[in-house]
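What follows is a single structure, written as structure tokens, with notes after it.
A short reminder: the numbers here are calculations on the coordinates, not readings from a lab. From a predicted model like this one, the values you see are computed outputs, not experimental measurements. Note that we place each Cβ from the backbone using ideal geometry, even for glycine, and neighbour counts take in every protein chain shown.
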Amino acid sequence: RDKKFYYTRVLLGSALAWARASAKCLNFNSMLILLPVCRNLLSFLRGTCLCCRRTMRKQLDRNLTFHKLVAYAIALFTAVHIIAHLCNFEWYNDSQQAADGSLSSILSNLHQDEESNKWLNPIHTNSTTPAYVTFTTIPGLTGVIITLALILMVTSSMEFIRRSYFEVFWYTHHLFIIYFAGLVIHGIAGLVRGQTAESLNKHNPEHCAQDPRYWGGNNTDSHCEEPEFGSIPAEVSPSICSLCRVLLATPRSAQAVAVVHPSKVLELQMHKKGFSMEVGQYIFINCPSVSHLEWHPFTLTSAPEEDFFSVHIRAAGDWTENLIDTFQQQKPKTPRIEVDGPFGTASEDVFQYEVAMLVGAGIGVTPFASVLKSIWYKFQHADQRLKTKKVGQAAFNFDNDTDVVTGLKQKTAFGRPMWSNEFSAVATAHPRSVVGVFLCGPQALAKSLQKCCHQYSSLDPRKVKFYFNKENF
Amino acid sequence: MGRIEWAMWANEQALASGLILVTGGVVAVAAQFKGWPFAAYAIAAGVFVCLLEYPRGKRKKGSTMERCGQKYLTAVVKVFGPITRNYYVRAILHAALAVPAGFLLSTILGTACLGIASAIYLLAAIRGEEWNPIEQKPQERPQVGGGTIKQPPAMPPPRPPADTRKKPPAEVAGQENPIPVTIEAE
């Protein structure tokens, strides 16, 4: 209980502490919230953790969950902060308007007429309302603006809106720029004040508060000069990460060759100087002739061993349909494409596990197309790290005895797999291995696979263990 | 941004504003700020807005996720017919409800948010959107085979004997199709 704030607390009560505590939490959380969505930072962390255990990188998969959690915390602390300041403004106003000679009214009237900056109560007249004060002071105004920005961001990122109308979510979420700018300005004006150290030497609040009539003047009995106040500097939230994110994202143009497949799927094969990828990574693509501002993620379907990189794009909305139309029109000059990435996801770890189970559902097969192609190339070059005796089961040749659906020797089975059978088969076949299970697909499937992983992993660390890796956009 | 249905976002925004109005109102009434009758009004308005906005309307395209337990309120809101169906009415209603709460600092945030929701509803109304209730679907028949069979057998009996069938991972019977199967687009 700092003596500096003794008189401030007289006016405001505990609301001062609530407001300042929640403000510090907000500062911290605002810094944290940007970290999980810095794509470049995440890829960098993944890259440097080659010597670390696998579990470290698995935590990075949950970056979106973390981002949402921090967002909820920000919303909660914002609510606390606003309520505390509502009380503060009201009580400052009450103190200013009170004419009953109480300690609060005396404190409020101190140093109000002078040009000096020594006042305690920021409200200087007694004919105003808290609302008016809010909108005419910098912290008040910026506070309202950034809260509105926050509320708009939160309502447009509800699951329903995000899944159905992604553009609304994407564009509204860019209001974070206003949020951070306002946040920095918010604390600058210094409306919250405490007694200056110099004044504390001449005026001890605990002793002098009892008898405010004797302050100042030439009174030698109580040694109480008039107290003086100064502003407490606010901590500026670190906006370094946001700057980094903006600076590090440096997309450059790529040359594209387009192949249109039946059923409205576009394959874009691209070359870009200095581009290198790993299996299962994804890139963001922007086509200025379709939309200047929209960047959409697509998984790379080519293998690192090929000399181009490709994505397969299905028509599933405005932007994709327009893109396919643009490429189908066959103008003399192919449209310019900009590429940002590649960014790493969980599928990069496929080759790190002794045994890997890959599950792709629906559009989720695309990362595994890249993996399978890469396996084929490795098999072609007789990569010693790959156990060829298992690869033989999925031989990529086109003999008579091939499956009619995929043209491969491995027969295609219809219907949904029974996961318990699959898992127990793998567990019996590899009783002492670490098995990585990779999924790219819907949430319901993730739940059942995770359950199976727990069920079939043995407690004995020497026996089989299943590790679940999930990726989703 | 072509196929956005603005009403859906307006609905979320209005629901949030209702909650903010109630919170601001409760704070002002509990701490007895000056002008707290406005706050009492804000609580009432907030509750009303929440009840009105809780049932989510049906999307034009695609399936709509219902909010938990919304069917009771849907029945009530449906009764008012064109008043609740038309978004112009909602836009004006929200704008009108928002104004009195703007006189008190505690509830002014609710005013701003409800005002924004009203503006988005106006945009939705201009684009011709309407509120349609989500009806209960009839119970689906339980699927044969536990729902894992996607394609019925292409050949009538007698079918090829078991040893030429593909090895299935489960009890689902595979099928060797002598005619090529065309893969349709999803």
Just to confirm a number: summing +1 for Lys and Arg and -1 for Asp and Glu over residues other than residue A:162 whose beta-carbon lies under 12 angstrom from that of residue A:162, what do you get? -1
Suppose each label sits 7 Å from its Cα in the direction of the beta carbon; what would the residue A:447-residue B:130 distance come out to in nanometres? 3.6
Which of the peptides A:81-89, A:15-23 is most tightly packed, and how do the rest follow, judged by the mean count of other Cβ atoms within 10 Å per residue? A:81-89, A:15-23
Amide H to amide H, which residues 5 or more places from residue A:313 or on other chains are under 5 Å from it, using H placed in the peptide plane? A:266, A:267, A:268
If each of residue A:463 and residue A:307 carries a label point 7 Å out from its Cα toward its Cβ, how far apart are those two points in nm? 5.2
With the charge dipole of the stretch B:6-126 built from beta-carbon charges (+1 for Lys and Arg, -1 for Asp and Glu) about the Cα centre, the Cα from B:100, B:115, B:36 projecting farthest to the positive end belongs to B:115
What nm value, rounded to one decimal, do you get for the distance between residue B:60 and residue A:271 when each label is placed 7 Å out toward the C-beta? 4.5
For an R0 of 51 angstrom, estimate the FRET efficiency from the Cβ-Cβ distance between residue A:325 and residue A:98 and round to the nearest 0.05. 0.15
Can you pick out the pairs among A:264/B:61; A:273/A:333; A:272/A:333; A:470/B:58; A:378/A:463; A:272/A:373 whose Cα atoms lie more than 23 Å from each other? A:470/B:58; A:378/A:463
Give the average, rounded to an integer, of partner chain Cβ atoms located within 10 angstrom of each Cβ in A:155-166. 5
Rounded to a whole number, the mean other protein chain Cβ count within 10 angstrom for residues of A:84-95 is 3
Take the Cβ-Cβ distance between residue A:263 and residue A:318 as r, set R0 to 22 Å, and report the resulting FRET efficiency rounded to the nearest 0.05. 0.75
Which far-off residues, 5 or more places away or on another chain, put their amide H under 5 Å from the one on residue B:56, with H placed in the peptide plane? B:67
Could you rank the peptides B:63-76, B:114-127, B:85-98 by their average count of other C-beta atoms within 10 Å per residue, with the highest value first? B:114-127, B:85-98, B:63-76
If I take R0 = 22 Å and measure r between the Cβ atoms of residue A:355 and residue A:379 in this structure, what FRET efficiency does the formula 1/(1 + (r/R0)^6) give, to the nearest 0.05? 0.85
How many partner chain Cβ atoms sit within 10 Å of a residue's Cβ in peptide B:108-121, on average, as a whole number? 2
